[in-house]
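Notes to accompany the following structure.
No lab work stands behind these numbers, since they all come straight from the coordinates. This is a predicted model, so every value here is computed, not measured. Glycine gets a Cβ as well: all are built from the backbone with ideal geometry, and neighbour counts include every protein chain shown.
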């Protein structure tokens, strides 16, 4: 029986240890049904260990995981999973591969074949559906694997680094697929190092570092953790711009045209550059150009994960 809980996925105080090493420590977060959630963190942050526990492939050392109202291992037929390490039988055709994968999720072969053909055609692979997978490009093969994880029409889709190795056109196509899944009511959790994808797709994000959650919330809340910047160009000195209200740091951008100088002003987290701009004009500073920069998710990621590289 399907649970009517508002959450498709819930982790409560989950930890995972391997001997003396703690891969995940006291992790708690929830993913609302029908939403797209980004699961972000540097390499080694504990994302893969967490996903394995969500799928029931590994038991938590502590805590509780609820997936679609049950435990991961008991609801696998309702989950679609695209692993980071892709794997297809290269001698099989795309349509047969997808039918095979659907069979593992208890979908009748006749139903799976109809869905496979329709989904392959929708992804521009109609003319390749009966050719060996080994003859397909890497991007095409990844599309086949994606279809294989969606053919049983899962309620929860977990994608591990889904954009890895795709060219920009195929990345855009995958973004469209993810949005379409959410429109149809599925829940999507995906891990990625490419912040632009998360920024375009996600309603909420969860960030990990060193096995711990450092942030859970909306994109707007995440961006608010990073400082805003103001590029200001004019015949003004470092001392003059440093004295403007809210300025926490001044970066020298070099000499601009006709004696003007370019300064990049960093503001204390949460402060707007508006007061600084107003003060600059009221005090008669020779400001010839200015441009405010809102923080990106990448900026927030660096701040929230303590500056760890992606």
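In percent, rounded to a whole number, the relative contact order of the chain is 19, using alpha-carbon pairs under 8 Å and six or more apart.
The overall shape of region 147-250, judged from the alpha-carbon gyration tensor, is prolate: a/c is not under 1.5, and a/b is greater than b/c.
Is region 1-47 rounded, prolate or oblate when judged by the Cα gyration tensor, a ≥ b ≥ c being the square roots of its eigenvalues, rounded requiring a/c under 1.5 and prolate requiring a/b larger than b/c? Oblate, since a/c reaches 1.5 and b/c is not below a/b. Modelled spin-label separation between residue 194 and residue 108, with each label point placed 7 Å from Cα along the Cα-to-Cβ direction: 3.9 nm. According to the Kirkwood relation over distinct C-alpha pairs, the hydrodynamic radius of region 229-294 is 11.5 Å.
What is region 1-152 by shape, rounded, prolate or oblate, if you read a ≥ b ≥ c off the alpha carbon gyration tensor as root eigenvalues and call it rounded for a/c under 1.5, prolate for a/b larger than b/c, and oblate otherwise? Taking the square roots of the gyration eigenvalues as a ≥ b ≥ c, region 1-152 is prolate. With Cα atoms as the point set, the radius of gyration and Dmax of the chain evaluate to 24.0, 76 Å. Ratio of Rg to Rh for region 91-192: 0.94 [Cα atoms; Kirkwood radius as inverse mean 1/r over pairs].
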